[in-house]
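First up is the structure itself, then whatever we jot down about it.
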Amino acid sequence: MASETNSNEDLVTSSSATAAVGGLGADEDGICDGKYVVVERGDQQRIILFKSNQTITFGKGATQQDILLKGASGTGFLNAFKASPAPPEVIASHKPSSNNSKPWKKSKVRPQNLFVLERSTDPIVKSINEFYQLPDTISSGVDNRNIHDDNTSQAMKKHDIESLRGQGVSSKEILETIITSSKSFNQKTEFAQEKYLKKKEKIYGDVLVFRKPSISILSDYYFKRDPVKVLGLRPDTLSQLLSYANIHAHGKYLIFENCCGLIVAAVLNRLGGHGAALHCHIGSNPQRQALVCMNFTDEDLKPMMNLDMLYLLRGNVEKMEVGPDDIAAVAVVEAESSEEPKTKKQKLECDAGSDSDDEKNGKDSYNEQSEVEEETTFVTSRRLMASNNKEDNETSVAYFNETEFDGLIICGKEHPLTLLQRLLPRLALSTPFVIYCQYPEPLMDCYVWVKEKGIGINVHLVDNWFRNIQVETERTHPEINMSPSGGYLLYGTYIVGT
Amino acid sequence: MSFIERNPIIKEGDTVILFLSVNNHYPIEVTKYKKNKSGNYVENKFQTIYGHFDVMELVGKKYGTKFHLPRGWAYVLHPTCELWTKTLPHRTQIIYTPDISLIIFGLDLAPGSIVIEAGTGSGSLSHAFIRTVYPTGHLYTFDFHEKRADQAREEFQKHGLNSWVTVGHRDVISDGFDVEKPADAVFLDLPKPWEVVPHVQRSLKRGGKLCTFSPCIEQVQKTVEALKRSGEFVMIKTQEVLQRSNSIQYRILTSLDFSLDEAESASGKLVPIKKEQCKFRTLIPPPQSAGHTGYITFATFVPGVSSS
């Protein structure tokens, strides 16, 4: 499969064929070079651009694992893989490509950190649960009355663990050694032991699962890792945004978005290749970090059109249904945003998924290495490569002017009012508009304007309360932490004004 | 006419939402005659607080425009799943838009998905399922109440959705789903979802998702235990979502002026600062809102080891 990723065009045209050749099920598309995949180890999750000759790093320091991805290449999703210390011949042949990475980042690739992946022969549930199987010698206590926090329980020291690693002992075995050499572990209750293991899984976990990226995974991932990037848009809020905007196949939607391309991706996903999604943005580089992670085919991307909002200013002003004041306001927005340094935008463009986070934490060698080549070598589709040039914009402007849209979504960093004033008149009558904002005040401004003009009905300003529940036998309760805000939505139906 | 395929003009046979106010809107079927309580067909007149009208008068009107009533007016709106959920005739307790949205989102549904639903209930969620899987997917929905299944089937027909849904009268706990195609998603809203888990295992494709909606935590507990016992479900998570609909209002809070000394203050009393300066716009939460609807549990089905 990997041999087919020589050029972008091959990648696009052969993606469906490769699935069959690779021996995967008819519906199942698999892991191959140039595709974004979700990698999970316990609670930890990464979204990466898969390249079989690279490593993905979990943990740091003495317990860092640089896991070679090769073993997963060409397999289907939702299989369990076991990471085990790399045999000497692999270590010898492995040439870390970290030479390419930025010189100021010293990549410490140590042979004892190198791991290889092997497909587990057990069912996925068994592989995942195996980590929680304690040695038979371990018993458990009733309560914690005899456990004292005096730092004497653990006989193992840091250098002991490091020397075990140097000998190529597996993570699971190291953990078992730690547990058996602890004086107090036997006194912990069963539940406390499990909780301890859950914590240790972050360090010693050795089971990896690959998943296919989906909108729900991406939304969750971005919200947890970098809520600022997605403007605080929580998954439950996004789910409602899609409902209230009445997104369905064959619909034509007008979308103003600079939220990592997450909204456009979600709309494209719900269009299934039928209909239109006109993505309005400021500047010539629309945000697409989340969008590229979906591995959309050309067919999926067919409904997508781009429109630099600047063209709505220079375009046929006489056709506009807004007053001169509104236009001036749009111009101000444009001016402000163009002050952003260009380099930053370009970086955002090629920086996909987790990259920037990992960069910050400096713990993911995989992404450091991949970032450089990403833009040139692995853009998933020709459509996504097409620059947003003048001709495209003029086509989009024409489409914008001649189309009665089936729904409007506004989700951006800018104040939504002037955007709403400019875009709302392009809706067909009796169709929905939805505006997302992290703060309620701008939405109140929109509400007041819509009501004053009498062009919206069934207008609501809502916010959500959203909670995860831990469900375990005898230990069911809401999760200890929750997100206090997922942003605000203003939605309504466009009607003929009075 | 269809909920999904939009036509700007109201035609006979359409379902129209007559919108009087935020808390006052109704679905109207545009037909010459309707069945009355004794089952006879009578002329279709509709009664509102602003007087009654002949429903056929709606034909030819544009969606999204004003419709004049004897003592006032209303807007005629094109139906959407969300408006339908707010106005539909309740035959059972229904699932509302916040939960519906999360269910469809969490199940990763898209055009082409094959979805199984039990029970159908009043069809609130079913409409949204169909909208999402249209035009290449299909919804198989089951209810053990024969009349309810029939009513739902009739409704889908009237709403132009019947090509993408199959309604079955069936007790899925005893009889399973009997859907030949492997499903992308199964949704369960029934009293004992844990008893259906073996049927779900037979119906889902590898990587397919299950979602259950249960109001009680005991139901969730039993369901999750059954899923874990089966050894074939991963990524099990339970969530709940509540929506608050705020109103936007102006408020005035009197500000007392302490800058005046006693002599300046004519009456010798505290004087409020000018009213306009004390006015502000704010969000007012509703006096009462939903405190609980149901727990939504998701799980991904991964049987054994894949063949590849």
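The values are calculated or read from the model by the stated rules, or taken from the named source; none is laboratory data. Please read these numbers as outputs of a predicted model, since none were measured by experiment. Note: ideal-geometry Cβ built from the backbone for every residue, glycine included; neighbour counts use all protein chains shown.
Can you tell me which residue is farthest from the other protein chains (Cβ to nearest Cβ) among those in the range A:45-85 that are farther than 18 Å from residue A:120 by Cβ, assigned to a strand (DSSP E or B) and not β-branched (Val, Ile, Thr)?
The selected residue is A:66.
Given the criteria closer than 29 Å to residue A:461 by Cβ and surrounded by 21 or more Cβ atoms within 10 Å (Cβ to Cβ), does residue B:107 qualify?
yes
Taking only pairs six or more apart or across chains, which ones have beta-carbon atoms under 8 Å, a first residue in the range A:469-498 that is more than 27 Å from residue A:440 (Cβ to Cβ) and facing another protein chain (nearest Cβ under 9 Å), and a second residue that is surrounded by fewer than 23 Cβ atoms within 10 Å (Cβ to Cβ) and among the small types (Gly, Ala, Ser)?
Correct list of pairs: A:496/B:64.
If the requirement is being of a type in the set (Gly, Ala, Ser) and either surrounded by fewer than 19 Cβ atoms within 10 Å (Cβ to Cβ) or modelled with pLDDT under 90 (or both), which of these qualifies: A:74, A:22?
A:22
Say whether the condition of being at the interface with another protein chain (Cβ under 10 Å from one of its Cβ atoms) and in a strand (DSSP E or B) is met by at least one residue in the range B:24-31.
The answer is yes, given that some residue of the range B:24-31 is at the interface with another protein chain (Cβ under 10 Å from one of its Cβ atoms) and in a strand (DSSP E or B).
Output the helices (runs of 4 or more DSSP H) that fall wholly within the range B:46-152 and possess 3 or more residues being touching a strand residue (DSSP E or B) at 6+ places or on another chain (Cβ under 6 Å) and in the same structural domain as residue B:173 (by TED's automatic domain parsing), or say none.
B:97-106, B:124-133
In contact with a helix residue (DSSP H, G or I) (Cβ under 9 Å, 6 or more places away or on another chain), within 14 Å of another protein chain (Cβ to nearest Cβ), under 24 Å from residue A:246 (Cβ atoms) and of a type in the set (Ser, Thr, Tyr): is that true of residue B:65 in this structure?
no
Can you confirm whether the range B:170-184 contains a residue that is of a type in the set (Gly, Ala, Ser), without any contact (Cβ under 8 Å) to a residue 24 or more places away in the chain and either surrounded by fewer than 23 Cβ atoms within 10 Å (Cβ to Cβ) or assigned to a helix (DSSP H, G or I) (or both)?
Within the range B:170-184 (the criterion being of a type in the set (Gly, Ala, Ser), without any contact (Cβ under 8 Å) to a residue 24 or more places away in the chain and either surrounded by fewer than 23 Cβ atoms within 10 Å (Cβ to Cβ) or assigned to a helix (DSSP H, G or I) (or both)), the answer is yes, since at least one residue qualifies.
A quick yes/no check of all residues on (1) within 21 Å of the chain's Cα centre (by Cα); (2) assigned by TED's automatic domain parsing to the domain that holds residue A:132; (3) assigned to a helix (DSSP H, G or I); (4) of a type outside the set (Ser, Thr, Tyr):
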{"residue": "A:196", "(1), (2), (3), (4)": "no, yes, yes, no"}
{"residue": "A:200", "(1), (2), (3), (4)": "no, yes, yes, yes"}
{"residue": "A:203", "(1), (2), (3), (4)": "no, yes, yes, yes"}
{"residue": "A:221", "(1), (2), (3), (4)": "yes, no, yes, no"}
{"residue": "A:230", "(1), (2), (3), (4)": "yes, no, no, yes"}
{"residue": "A:238", "(1), (2), (3), (4)": "yes, no, yes, yes"}
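If the requirement is being at pLDDT 95 or above, under 25 Å from the mean Cα position of the chain (by Cα) and within 30 Å of residue B:79 (Cα to Cα), which of these qualifies: B:196, B:200, B:167, B:172?
Among B:196, B:200, B:167, B:172, only B:167 is at pLDDT 95 or above, under 25 Å from the mean Cα position of the chain (by Cα) and within 30 Å of residue B:79 (Cα to Cα).
Go through B:119, B:123 for me and flag whichever is modelled with pLDDT under 95 and either among the polar types (S, T, N, Q) or under 24 Å from residue B:80 (Cβ atoms) (or both).
B:119
Which one of these does residue B:217 not meet: (1) more than 8 Å from chain A (Cβ to nearest Cβ); (2) farther than 27 Å from residue A:214 by Cβ?
The failed condition is (1).
What single numbered condition from (1) out of contact with any helix residue (DSSP H, G or I) (no Cβ under 7 Å at 6 or more places or on another chain); (2) surrounded by fewer than 22 Cβ atoms within 10 Å (Cβ to Cβ) fails to hold for residue A:221?
(2)
Based on this model, can you work out whether residue A:448 counts as outside any loop (DSSP other than H, G, I, E, B), within 11 Å of another protein chain (Cβ to nearest Cβ), in contact (Cβ under 8 Å) with a residue 40 or more places away in the chain and of a type in the set (A, V, I, L, M)?
Spelling it out, it is not the case that residue A:448 is outside any loop (DSSP other than H, G, I, E, B), within 11 Å of another protein chain (Cβ to nearest Cβ), in contact (Cβ under 8 Å) with a residue 40 or more places away in the chain and of a type in the set (A, V, I, L, M).
When the residues of the range B:6-20 are filtered to those that are surrounded by fewer than 16 Cβ atoms within 10 Å (Cβ to Cβ) and within 19 Å of residue A:247 (Cα to Cα), which remaining residue is farthest from the other protein chains (Cβ to nearest Cβ)?
Residue satisfying both the conditions and the ranking: B:7.
Out of the residues in the range A:232-242 meeting the condition of being among the aliphatic types (A, V, I, L, M) and touching a strand residue (DSSP E or B) at 6+ places or on another chain (Cβ under 7 Å), tell me which one is farthest from residue B:81 (Cα to Cα).
Within the range A:232-242, the match that is farthest from residue B:81 (Cα to Cα) is A:233.
Take the residues in the range B:245-260 that are surrounded by fewer than 16 Cβ atoms within 10 Å (Cβ to Cβ) and either in contact (Cβ under 8 Å) with a residue 40 or more places away in the chain or within 11 Å of chain A (Cβ to nearest Cβ) (or both); name whichever of them is nearest to residue A:463 (Cα to Cα).
B:245
Can you find a residue in the range A:260-276 that is under 22 Å from residue A:394 (Cβ atoms), more than 14 Å from every other protein chain (Cβ to nearest Cβ) and outside any loop (DSSP other than H, G, I, E, B)?
Checked against the condition, which is being under 22 Å from residue A:394 (Cβ atoms), more than 14 Å from every other protein chain (Cβ to nearest Cβ) and outside any loop (DSSP other than H, G, I, E, B), the range A:260-276 yields at least one hit.
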